[in-house]
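Colleague: Have a look at the structure that comes next, please.
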Amino acid sequence: MKTIQEKVMDCSIENHTSLKGKKVLLRIDVNTSLGENGVVDPGEDWRIIKSYQTIDYLVDKGACVVVISHIGREKEESLKPVYEYMRQHVDIGFLPNYDAELLQNSIENMQHGSVIMLENLRQFSEEKDNDSSFLDTVIGLCDLYVNDAFSVSHRKHASVHDVVTKLPAYFGLQFVDEVTELSKTSDTDTNTVLILGGAKFGTKLDLLAQFLPKVSYALVGGALANVFLRERGFEIGNSFADDVDISHIVNSEKIILPIDIVDQHGDVASIDGVGKEDIILDIGPETEKLFETIIDQSDTILWNGPMGKYEDGYVAGSVAVADSIARSGAFSVTGGGDTATVILEEELEDNFDFISTGGGAMLDFLVQGTLPGIDIIINKNNE
Ligand code: ADP
Ligand code: 3PG
Ligand code: MG
């Protein structure tokens, strides 16, 4: 019986013998938060840079590469700033809309080794509904499909799922790399600690519940912790917290919450000293020490989600956690759009054994051993 890693490697685009002149529909994830001036900030370019590996490979083999991605969650967001950034590295064109005539003229006439990028996939509601009919013109003009967007492959979205039913489908180089590295954590039965922060309540609380039986502890910070604090009876003032049902996990003894916090004035307060007007924006120094003690005793650490609102300068908790991880010597894997941004901005990348492009996708892969976007390609190739 082959492992998931072996199955993914079997479907790697590197196994395709002749790519010369082939029109390749390449799904990447260059979801990047743009700065206030609407351009890609240097600290935010890491996902874009990671996407070059497969693009360069395909260009080198003489393929015609049609690149698709989403950006943000709003339909209005444009990939144009990302395209402008990518032009520094790749000779790339950009199509501002999905007009059938424009697509036909541009894609049919592509030169070998050229690259075209299409607009934000999430401009179409069908993308999230897993209905790839909005891509049918593009699909009809392409010979094969490559998924190099590991970080969105936990979602059953059209560009990583339904599209696979319509074209021969492969994995990109970065995708294979993600599965290879993350597989190193899953086959060891070690003392694992999960560190969870950030703000994607919907995806992450569900994953947390699935992780609990497998981990020694789950250290919860970021906005996610606010939900637990509130449910455990603490005042959280005006802190950011979604209304989600956590009744099935709220009392788990494995879940360790902040014992002190940093508020909107930059002041430290103990967890029972948060006022009605206060906003929790980071974990406090006593929590950093508590988390360090637990991190120190672990063999494997999985971390997704910043401990605080780092964009506004509340970064100390995340830096402390990253430093504790490095000191512990445990095998460490981290990931997520915002988590990786903090780590790279603070130049902490050497603290980790692997930094995944995926947040929810990384956690989902580690707990399930696969992803919907993986299964559909493997099954298709083994029909
Ligand atoms: P990732 O992209 O690493 O998976 P998320 O997208 O889940 O992480 O969460 C990142 C977001 O969480 C950031 O915008 C960050 O500001 C926010 N965040 C973290 N802690 C807090 C907090 N205490 N209050 C409000 N927002 C927070
Ligand atoms: C991410 O930023 O985690 C990926 O691009 C997936 O984005 P999503 O959580 O909005 O699907
Ligand atoms: Mg994020």
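Colleague: Can you pull out every residue in the stretch 346-383 that is within 14 Å of ligand 3 (Cβ to nearest atom) and in a helix (DSSP H, G or I)?
Modeller: The answer is Gly360, Ala361, Met362, Leu363.
Colleague: I've got another one for you. Based on this model, can you work out whether Gln88 counts as away from ligand 1 (no atom under 16 Å from the Cβ), over 23 Å from the mean Cα position of the chain (by Cα), open to solvent by 40 Å² or more (accessible area, probe 1.4 Å) and at pLDDT 95 or above?
Modeller: It is false that Gln88 is away from ligand 1 (no atom under 16 Å from the Cβ), over 23 Å from the mean Cα position of the chain (by Cα), open to solvent by 40 Å² or more (accessible area, probe 1.4 Å) and at pLDDT 95 or above.
Colleague: Any idea which of Leu366, Leu290, Leu348, Leu344 is crowded, with 22+ Cβ neighbours inside 10 Å and not basic (Lys, Arg)?
Modeller: Leu366
Colleague: Write out, first by first residue and then by second, each pair whose Cβ atoms fall under 6 Å of each other, whose residues are 6+ apart or on separate chains, and whose first residue, in the stretch 1-18, is among the small types (Gly, Ala, Ser) while the second is open to solvent by less than 60 Å² (accessible area, probe 1.4 Å).
Modeller: Ser12/Phe171; Ser12/Val176
Colleague: Search the stretch 297-328 for residues being of a type in the set (Phe, Trp, Tyr) and out of contact with any helix residue (DSSP H, G or I) (no Cβ under 6 Å at 6 or more places or on another chain), and hand back the single one that is nearest to ligand 2 (Cβ to nearest atom).
Modeller: Trp303
Condition check ((1) modelled with pLDDT of 95 or more; (2) basic (Lys, Arg)) across all residues:
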residue: Lys276; (1), (2): yes, yes
residue: Glu292; (1), (2): yes, no
residue: Trp303; (1), (2): yes, no
residue: Glu311; (1), (2): no, no
residue: Gly317; (1), (2): yes, no
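Colleague: Answer with yes or no whether Ser318 is closer than 25 Å to Lys214 by Cα, surrounded by 14 or more Cβ atoms within 10 Å (Cβ to Cβ), small (Gly, Ala, Ser) and within 16 Å of ligand 3 (Cβ to nearest atom). Reasoning before the result, please.
Modeller: On the way: closer than 25 Å to Lys214 by Cα: yes; surrounded by 14 or more Cβ atoms within 10 Å (Cβ to Cβ): yes; small (Gly, Ala, Ser): yes; within 16 Å of ligand 3 (Cβ to nearest atom): yes.
So Ser318 passes the test.
Colleague: Then there is this: Within the stretch 213-243, restricting attention to residues that are among the aliphatic types (A, V, I, L, M) and within 16 Å of ligand 2 (Cβ to nearest atom), which residue is least open to solvent (accessible area, probe 1.4 Å)?
Modeller: So in the stretch 213-243, the residues among the aliphatic types (A, V, I, L, M) come out as 215, 218-220, 223-225, 227, 229, 236, 241.
Filter again for within 16 Å of ligand 2 (Cβ to nearest atom), leaving 223-224.
On the way: Ala223: 18, Leu224: 1 Å².
My answer is Leu224.
Colleague: How do the helices (runs of 4 or more DSSP H) wholly within the stretch 99-157 filter down when requiring 1 or more residues that are within 11 Å of Lys23 (Cβ to Cβ): which remain?
Modeller: Filter on the stretch 99-157 gives 100-108, 136-141.
Colleague: Sticking with this structure for a sec: Condition test on Thr203, is it open to solvent by 20 Å² or more (accessible area, probe 1.4 Å), touching a residue at least 60 places away in the same chain (Cβ under 8 Å), within 16 Å of ligand 3 (Cβ to nearest atom) and not small (Gly, Ala, Ser)?
Modeller: For Thr203, the condition - open to solvent by 20 Å² or more (accessible area, probe 1.4 Å), touching a residue at least 60 places away in the same chain (Cβ under 8 Å), within 16 Å of ligand 3 (Cβ to nearest atom) and not small (Gly, Ala, Ser) - is met.
Colleague: Here's something else I'd like to know. Yes or no: the stretch 230-252 includes at least one residue that is modelled with pLDDT of 95 or more, under 25 Å from Glu349 (Cα atoms) and among the β-branched types (Val, Ile, Thr).
Modeller: No: zero hits.
Colleague: Just a yes or no: is a residue in the stretch 262-273 at positive phi, buried (at least 19 other Cβ atoms within 10 Å of the Cβ) and within 14 Å of ligand 1 (Cβ to nearest atom)?
Modeller: no
Colleague: Within 13 Å of ligand 1 (Cβ to nearest atom), out of contact with any Gly (no Cβ under 8 Å at 6 or more places or on another chain) and polar (S, T, N, Q): which single residue out of Ser247, Ser216, Ser252, Ser239 fits that description?
Modeller: Ser239
Colleague: I'd like the full set of residues that are touching a residue at least 24 places away in the same chain (Cβ under 8 Å), surrounded by fewer than 19 Cβ atoms within 10 Å (Cβ to Cβ) and more than 16 Å from ligand 3 (Cβ to nearest atom), limited to the stretch 293-315.
Modeller: Residues satisfying the conditions are Ile294, Asp296, Gln297, Asp299.
Colleague: Something else about it: Looking only at the stretch 22-65, how many residues end up being among the aliphatic types (A, V, I, L, M), under 25 Å from Glu108 (Cβ atoms) and open to solvent by 10 Å² or more (accessible area, probe 1.4 Å)?
Modeller: Selection size over the stretch 22-65: 1.
Colleague: Looking only at the stretch 140-194, which residues are among the acidic types (Asp, Glu) and either more than 23 Å from Ile71 (Cβ to Cβ) or open to solvent by less than 20 Å² (accessible area, probe 1.4 Å) (or both)?
Modeller: Asp143, Asp148, Glu178, Glu181, Asp187, Asp189
Colleague: Can you tell me which residue in the stretch 341-356 is nearest to ligand 1 (Cβ to nearest atom), limited to those that are more than 18 Å from Ile295 (Cα to Cα) and touching a Phe, Trp or Tyr at 6+ places or on another chain (Cβ under 6 Å)?
Modeller: Of everything passing the filter in the stretch 341-356, Val342 is nearest to ligand 1 (Cβ to nearest atom).
Colleague: OK, next. Return only the number of the condition from (1) modelled with pLDDT of 95 or more; (2) within 16 Å of ligand 2 (Cβ to nearest atom) that Gly359 does not satisfy.
Modeller: (1)
The values are calculated or read from the model by the stated rules, or taken from the named source; none is laboratory data. Because the structure is predicted, anything quoted here is derived from the model rather than measured. Using ideal geometry, Cβ is built from the backbone for each residue, glycine included, and neighbour counts are taken over all protein chains shown. What goes into the accessible areas is simple: the full protein's heavy atoms, side chains included, and nothing from ligands, DNA or RNA. Shrake-Rupley method; radii C 1.70, N 1.55, O 1.52, S 1.80 Å.
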